[in-house]
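Some notes on the structure that comes next.
Derivation of every value follows stated rules applied to the coordinates shown; laboratory data play no part. Just so we're clear, the structure is a prediction, and the values are computed from it rather than from any experiment. Positions of Cβ are generated from backbone atoms using ideal geometry, with glycine treated the same way; all protein chains shown enter the neighbour counts.
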Amino acid sequence: MMQNAIDDKNFRFNDEDDQDDKYRVIPDVMRQVFFYEQAAIGLPREEFIRISVAMRDIVDQWPIESIRFWGKILGLYHNYYVVETDFTEGEYESETSDTEEDEDVASFYEDQLVTYPPFPGTERNYLRAQIARITSATTVSPIGYYRFDDEEEGEEESGESGSGRDTCIIDPEFDGMPIRDLSDSQTWCHHMLPILPQGRNVWFNSVEGGQEGEGEDEDDEDRNEPDEPEPESGPPLLTPISEDQEATVTEFPSGPEITEADDPSPEQEAAVEAAMQEKEFGMDDDDDDEDGEQEDD
């Protein structure tokens, strides 16, 4: 799934002047459908209409600051329509620690999670992990559409995400670029934080997190403090997708005890059947000879 600036939750076509209209945060889904159809991707128009109605229900029930349709995931028993939102009280964040284990897992989403290799979690964890991985890897925009906020420069601590910058803003002075240039991977960049080997977007120091709950009355000499882990880092924001690492393919064990043999040809089936019949006739002849010998005795 390739996501771009047109699908960005901050790229809205509705009238922004009516600040009292709570539905103004809902993007013009049908206009987005028009752009999807130009690229021969997307869903049937009927589904997009249902998605738009569902977005209105979400806005009615929750204090939503922004909302966008993320995508559709197919399952064996039912499909998933994913919507990404930001609440007015603050940006919604959720754990992505399950993403570390699911990179080499292939399966359909279903009520009973069946994966190989086994995934250490529930279907809910697996779905959330896949959403985080897809969002991080495929949310891209033309270079220049986003920029760093100059007012925040130097205010945030560096090192957590490996770049010192974990947010970016839309550049209102972006004039776009020719369609010819958009076909070049060097003109697109990531504007979402990468997934670190730890399985999170922002590195978490597990040692400091574990020490916060410990009692302070313990003797420092008797305490065996673990070694400080090395902070993990990833590519900085707004890195061109042309610098992405090539995907690695995991080779699973193979052999006759694992893989299914090819179906035999009609000639091979006929030969096997003839050999089995010949073997049966031979066994019948041996039984007749034994019965004759017993009668002679």
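Using the per-residue mean of other Cβ atoms lying within 10 Å as a proxy for protection, in what order, highest first, do the peptides 30-38, 129-137 fall?
Descending mean neighbour count gives 129-137, 30-38.
Could you rank the peptides 267-279, 193-205 by their average count of other C-beta atoms within 10 Å per residue, with the highest value first?
So the peptides 267-279, 193-205, ranked by packing, come out 193-205, 267-279.
Within a 10 angstrom radius of the beta carbon, how do 148, 281 rank from fewest other beta carbons to most?
Taking fewest neighbouring Cβ atoms as first place, the list is 281, 148.
Which cross-chain or sequence-distant (5 or more) residues have an amide H under 5 Å from the amide H of residue 140, H modelled 1.01 Å from N in plane?
3, 4
What is the set of long-range amide H partners of residue 115 at a cut-off below 5 Å, with H atoms built 1.01 Å from backbone N?
none
Under 5 Å between amide hydrogens, which residues at least 5 positions from residue 75 or on another chain qualify, with H placed 1.01 Å from N in the peptide plane?
80
In whole Hz, what ³J(HN,Hα) sequence does segment 174-186 give by Karplus (6.51, -1.76, 1.60; θ = phi - 60°), x for Gly and Pro?
Here the 3J(HN,Hα) series is 5, 9, x, 8, x, 4, 4, 6, 5, 7, 9, 5, 6 Hz.
Using a 10 Å cut-off around each Cβ, can you sort 191, 78 from fewest to most neighbouring Cβ atoms?
78, 191
Order the peptides 63-74, 168-179 from the highest to the lowest mean number of other Cβ atoms within 10 Å of their residues.
63-74, 168-179
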